[in-house]
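One structure is given here, and the rest of the page talks about it.
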Amino acid sequence: MTLSFSKTITVGTSADFPPFEYIENGQFVGFDMDLIREIAKIAGFELKFVDMSFDSLIPALRAGQIDVAAAAMTITDERKQVVDFSIPYWTADQSIIVRADSNLTITVLFGKYKIGVQTGTTGDLWCTDELVGKGILPEKNLKRYDTFVLALSDLLNGNIDAIVLDSPVANRFAATKPVKVVGIIVTGEQYGIAVKKGNKELLEAINKALEQIIESGKMAELIDKYF
């Protein structure tokens, strides 16, 4: 499908979330970045990428600063009130990672330990609701970061004890950094590509392209490449 208007689509992402989106040799790479490029090929538009903090993506969409948010974004009822989502393209849970030399287990979530999350992510929301909100974790022990790179740095430096984040990214960090996964929180989240509320033409183009990518086997190729 080709859009009835010819334009460059501005894609907002938070490029600190391997293997979904990250920067390598000055280029935006990762599963989501390859996926949106495939969508653009089918739908017939050019792409411009913008890197920003995850919690800035939805405000940027609403303000018209970006056209699309492609950032392993979980489809939630709260987010659906302010943006529109594509059909789901990925399912994930939340994982807990600690330093590789740590003796901590999943019980790191309960009590005196310091937990890191990325602001505005579902890991942040889960910890806020299920730990802080229920009096399990003191508010001051939940440390919020603009990016997971900063959280990971603090974890490795011993400033926090654990990070809660999406399982595929936790697995990637465990394979490439001196950290390990010690627990999984089953949330069954689904990722979608977000557009400004009411942008039906762009959303329809993205959905039709996604369906074609899945049916053609291209989605399976991307999964094999990154996972």
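Put simply, when 54-64, 68-78 are sorted by average Cβ atoms within 10 angstrom per residue, most first, you get 68-78, 54-64.
Taking a threshold of 24 Å on the Cα-Cα distance, which of the pairs Lys112/Lys180; Lys80/Lys143; Lys48/Lys208; Lys112/Lys143; Lys7/Lys41; Lys7/Lys196 fall above it? Beyond 24 Å: Lys80/Lys143.
Per residue of the chain, the DSSP helices (runs of n ≥ 4 H) give a summed -39500 (n - 2.57) that works out to -9000 deg cm²/dmol at 222 nm.
Between the beta carbons of Glu215 and Lys80, assuming R0 = 35 Å, the FRET efficiency works out to 0.90 to the nearest 0.05. For the chain, report the % of Cα-Cα distances exceeding 32 Å. Tail of P(r) above 32 Å: 20 percent of Cα pairs.
Cα centroids of segment 130-147 and segment 159-197: 16 Å apart.
Placing dummy labels 7 Å off each Cα toward the beta-carbon, the span from Ile106 to Glu24 is 3.2 nm.
Each value in this text was obtained by applying a stated rule to the coordinates, not by laboratory testing. Everything quoted here is computed from the prediction, not taken from an experiment. Cβ: placed from backbone, ideal geometry, glycine included. Neighbour counts: every protein chain shown.
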